[in-house]
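Read the structure below first, then the notes.
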Amino acid sequence: MLKKGLMILAIVLMAMVGLAVTLTVIGPWAGPEQEAFMPVLKAFEEETGIEVEYKVYRAEDLANLLPAQFAARRAPGDVIFMWASFIREYGKKGHIMDVSSVIDPDWYLAGALDPVQVGNRLYGAAYTAKVKPGFWYRKSLFKKYGLKPPKTWDEFLALLRTLRAVGFKTPIASGDGVGWPLSDVTEHFLITFGSPGLQKDLIEKKISWQSNTVRYAMEKLVSLLKEGYFSEPTEWTTILQQWWRGDYALYFMGSWITGMVDDPSDLGVFSLPGAKGMVFGADYAFIPKYTKHPEEAKKLLAFLVSEKGQSLQVAQGGHIATNKYVKLSAYPPVDAEVAKLMEGVELLPDLDDSIGGAFQMAFWDQLKLLWVRPERLDTVLKVLDEKLK
Amino acid sequence: MRRAKLSHYAFFILPALLLLAAFVVYPSLRTIYLSFVDEEGKFTLAGYKEVFTSRDTFDPEGFKRGFPMGTLIHNLLWIGIHLPLSVFLGLLLAVLLKGLPGVSFIKSVIFLGMVMPMIVGGVMIRFMFDGNVGVVNMFLKFLGLHTQTWTAYPETALLSLIFGSVWLWTGFSMVLYSAGLETIPKEFYEAAAIDGASRFRMFFNITIPLLKPITVVVVTMTLLWELKVFDIVYVATMGGPGGASNVLALQMYSYAFREFNFNKSAVVAVFITVSTLAASIPMMRLSTRE
């Protein structure tokens, strides 16, 4: 009798194990960033009893992997973080689930869902975001030389001259990698000396890169490059260390920088004077059509982007919520300061992330060229127009 | 009896043939097919036209302005500079190191570049030529010369990669030439010495001709690698700045995984395949004739 009972128990347990759903989330965060993401997944597990496994894949690697997987009607994960342009592209091709039934656009800051929306269909959801507010500096360094963040373009130029005079031969550090840090600086110039509308027009391909408006904004940037105020493009984490130890005075970077320095309270940031917009780069997640657990995946996606999910994430630092119900008190102090910077300016999607594809790669690559050969601006703009077609 | 033998052979060969058919023949044929069709599967030569008239492949303005000149020219430059340098240096090192004490250790150190995955090699090249931490700049600084991040400038990016890869690839030719040198009978040199031949003459009249089969192998393998070079460029410069160090294989990758245009990518793949065949078949024939 006891034997029979044990056997039944074993069968039931095995059936339970067999039936238990484990969702796979694929995201780009590794190391400390992954550690900051895990509490969100844990909270979901506790709330629903659904297990979640996290795998790290960079978006660049997913771009290689997913097309072949989709062609074979398979998917490596149930919820996947990826470029918005990719989600839109493959959503239109029918490989991505429409999640408009589980995601309420009213939860979000205006425009946050635009990059993954095609007509009435919503192919992804915006998780937390990073903003690219401007030039970061060490408060202690500015204090040492009696410097203040500039209020006008002339003051900005004066600041650069002063920095050079006190020993910073190239005052601004230029981060590189595949090229995106340079594109962030460039977009900031386009928004400041063009307008927030220019950024949107460029994304929607309504304006040529060789137009006078773009050229005017780019020439402002080129004037600084020609003066040698920007350093050579250097791997962005390496130059971050150099900037922090005082080899450079200013560094244009996104808000995630607050989680990458030893003493975030020493960080100060200013936008280019006159900037009326700020790039707001959300991390987007989608559910592939080939998931084996569509209902559970929807639950997870809805949780991640909810007020609770995003509050848990922003509390870890370095993230800004896209969910408008997340309270300012949920942020660590330095991130709350960044969140405040967003008040009164138009939040804009990242230009190259929104366009994606061949243009994105060309944009990054052409900017690397512009940084070292600013006199080639005409060629750069011509190539960008060609790649946009 | 003969039929039984044949079925025996077939039993052992079939698994390999099946694998080859599935993973080599079918993908190759499919790639050729893809290069001749559009996204809807209709026959077209538009992909070929687009690729070969593209500035990415051949940019005549580059001859006046400087890099980029297009992937085709970049690959040819790679062959023109990397091939003679790595073959010559390999031969030189093999001859100089022959018979020296502790030579195995020295050769192992030189061969390390070849043992290392090329991706790692690419990262190392990137750092070698870096303006702040690069060993090349440390050396130049020591000599009082100009320093910069050499991979960041269009004029020097491709050349940096080529010279960096000479360092990685020389070990390969050196090891093959070292093995080849061991096969040359000592008597040939002894006889030549008795006849009063100088070392220089012995090198050109004995060593070089007898190493010809090795040279064919080294040149063929190096040429094939240069035609399909990808990994080093991908990690060191991603083909930049402004396409100044782009190569055919990276162009193929970009079409496939950035533009998601597999038809254009297939065109470049077919072109690389035809080029490698055109380069390797005559070399193989030459080696067979020997």
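With respect to the conditions (1) hydrophobic (A, V, I, L, M, F, W, C); (2) under 19 Å from residue B:277 (Cα atoms); (3) in contact with a Leu (Cβ under 8 Å, 6 or more places away or on another chain), residue B:29 falls short on a single one, namely (3).
What tally of residues in the stretch A:104-132 results from selecting those that are among the charged types (D, E, K, R), closer than 20 Å to residue A:351 by Cβ and part of a helix (DSSP H, G or I)? Before the answer, list the steps.
First, pick out the residues of the stretch A:104-132 that are among the charged types (D, E, K, R): A:104, A:106, A:114, A:121, A:130, A:132.
Next, only the ones that are closer than 20 Å to residue A:351 by Cβ stay: A:114, A:130, A:132.
Now narrow it down to the ones that are part of a helix (DSSP H, G or I): A:114.
Here the count works out to 1.
Looking at the stretch B:128-138, can you tell me whether even one residue there is modelled with pLDDT of 90 or more, farther than 30 Å from residue A:366 by Cβ and either outside any loop (DSSP other than H, G, I, E, B) or within 14 Å of another protein chain (Cβ to nearest Cβ) (or both)? Steps first, answer last, please.
First pass over the stretch B:128-138, keeping only residues modelled with pLDDT of 90 or more: B:128-129, B:135-138.
Narrowing further to those that are farther than 30 Å from residue A:366 by Cβ: B:138.
Then keep just the ones that are either outside any loop (DSSP other than H, G, I, E, B) or within 14 Å of another protein chain (Cβ to nearest Cβ) (or both); that gives B:138.
Yes, there is a match, as at least one residue in the stretch B:128-138 is modelled with pLDDT of 90 or more, farther than 30 Å from residue A:366 by Cβ and either outside any loop (DSSP other than H, G, I, E, B) or within 14 Å of another protein chain (Cβ to nearest Cβ) (or both).
Could you name every one of the helices (runs of 4 or more DSSP H) located completely within the stretch B:196-290 that has at least 3 residues being within 14 Å of another protein chain (Cβ to nearest Cβ)?
Counting at least 3 such residues, we get B:231-236, B:248-257, B:262-289.
The residue pairs whose first member lies in the stretch A:22-38 and is assigned to a loop (DSSP other than H, G, I, E, B), whose second member is of a type in the set (D, E, K, R), and whose beta carbons are closer than 7 Å, counting only pairs six or more residues apart or on different chains, are A:28/A:58. When the residues of the stretch B:143-168 are filtered to those that are in a helix (DSSP H, G or I) and more than 26 Å from residue A:230 (Cα to Cα), which remaining residue is farthest from the other protein chains (Cβ to nearest Cβ)? In this case the residue turns out to be B:166. Summed over the stretch A:273-297, residues that are surrounded by fewer than 20 Cβ atoms within 10 Å (Cβ to Cβ) and more than 16 Å from residue A:54 (Cβ to Cβ) total 9. Exactly one residue out of B:112, B:83 is assigned to a helix (DSSP H, G or I) and farther than 20 Å from residue B:227 by Cα: that is B:112.
Taking the stretch A:222-305 and the strands (runs of 3 or more DSSP E) fully enclosed by it, the elements with 1 or more residues that are not assigned by TED's automatic domain parsing to the domain that holds residue A:173 are at A:277-286.
On inspection, residue A:325 does not qualify as of a type in the set (Ser, Thr, Tyr), more than 30 Å from residue A:76 (Cα to Cα), in contact with a Gly (Cβ under 9 Å, 6 or more places away or on another chain) and in the same structural domain as residue A:124 (by TED's automatic domain parsing).
Of the residues making up the stretch B:194-217, those that are of a type in the set (A, V, I, L, M) and either at pLDDT 95 or above or more than 20 Å from the chain's Cα centre (by Cα) (or both) are B:194, B:197, B:202, B:206, B:208, B:210, B:211.
Which one is surrounded by the fewest Cβ atoms within 10 Å (Cβ to Cβ) among residues in the stretch A:361-377 that are more than 7 Å from chain B (Cβ to nearest Cβ) and in contact (Cβ under 8 Å) with a residue 60 or more places away in the chain?
Quick first cut of the stretch A:361-377, residues more than 7 Å from chain B (Cβ to nearest Cβ) only: A:362-364, A:367, A:370-371, A:374-377.
Add one more test, that the residue is in contact (Cβ under 8 Å) with a residue 60 or more places away in the chain, and what stays is A:363-364, A:367, A:370-371, A:374-375, A:377.
Numbers: A:363: 25, A:364: 22, A:367: 27, A:370: 23, A:371: 25, A:374: 20, A:375: 10, A:377: 19.
Selected residue: A:375.
If the condition is being more than 11 Å from every other protein chain (Cβ to nearest Cβ) and over 15 Å from residue A:183 (Cα atoms), then the stretch A:379-389 contributes A:385, A:388, A:389.
Among the residues of the stretch B:169-178, are any farther than 14 Å from residue B:95 by Cα and surrounded by fewer than 19 Cβ atoms within 10 Å (Cβ to Cβ)? Looking through the stretch B:169-178, none of the residues is farther than 14 Å from residue B:95 by Cα and surrounded by fewer than 19 Cβ atoms within 10 Å (Cβ to Cβ).
Can you spot a residue in the stretch B:70-80 that is loosely packed, with under 14 Cβ neighbours inside 10 Å, more than 27 Å from residue B:154 (Cβ to Cβ) and out of contact with any His (no Cβ under 8 Å at 6 or more places or on another chain)? Lay out the reasoning, then the answer.
Let us first name the residues in the stretch B:70-80 that are loosely packed, with under 14 Cβ neighbours inside 10 Å, namely B:80.
Among the residues that remain, those that are also more than 27 Å from residue B:154 (Cβ to Cβ) are: none.
No: the stretch B:70-80 contains no residue that is loosely packed, with under 14 Cβ neighbours inside 10 Å, more than 27 Å from residue B:154 (Cβ to Cβ) and out of contact with any His (no Cβ under 8 Å at 6 or more places or on another chain).
Going by the structure shown, is residue A:113 buried (at least 20 other Cβ atoms within 10 Å of the Cβ), within 14 Å of another protein chain (Cβ to nearest Cβ) and hydrophobic (A, V, I, L, M, F, W, C)? Spell out how you get there, then give the answer.
On the way: buried (at least 20 other Cβ atoms within 10 Å of the Cβ): yes; within 14 Å of another protein chain (Cβ to nearest Cβ): no; hydrophobic (A, V, I, L, M, F, W, C): yes.
No; evaluated as a whole, the condition is false for this residue.
Looking only at the stretch A:188-205, decide whether some residue is within 14 Å of chain B (Cβ to nearest Cβ) and modelled with pLDDT of 95 or more. Scanning the stretch A:188-205, I find no residue that is within 14 Å of chain B (Cβ to nearest Cβ) and modelled with pLDDT of 95 or more, so the answer is no. In the stretch A:312-358, the residue that is farthest from residue A:203 (Cα to Cα) out of those that are within 14 Å of chain B (Cβ to nearest Cβ) and either part of a loop (DSSP other than H, G, I, E, B) or free of Cβ contacts under 8 Å to residues at least 60 places away in the same chain (or both) is A:358. Of all the residues in the stretch A:133-188, those that are assigned to a helix (DSSP H, G or I) and of a type outside the set (A, V, I, L, M) number 20. Residue A:132 meets each of the listed conditions (1) crowded, with 19+ Cβ neighbours inside 10 Å; (2) modelled with pLDDT of 95 or more apart from (2). Residues that are touching a residue at least 12 places away in the same chain (Cβ under 8 Å), at the interface with chain B (Cβ under 10 Å from one of its Cβ atoms) and over 20 Å from residue A:161 (Cβ atoms) were ranked within the stretch A:231-264; the one that is nearest to the chain's Cα centre (by Cα) is A:235.
Could you list, in sequence order, the residues of the stretch A:75-103 that are of a type in the set (A, V, I, L, M) and not in a loop (DSSP other than H, G, I, E, B)?
Of all residues in the stretch A:75-103, those of a type in the set (A, V, I, L, M) come to A:75, A:79-80, A:82, A:84, A:87, A:96-97, A:99, A:102-103.
Passing the criteria: A:79, A:80, A:82, A:84, A:87, A:96.
The values are calculated or read from the model by the stated rules, or taken from the named source; none is laboratory data. Because the structure is a prediction, the values reported are computed rather than measured. Cβ coordinates were reconstructed from backbone atoms using ideal geometry, including for glycine residues, and neighbour counts include every protein chain displayed.
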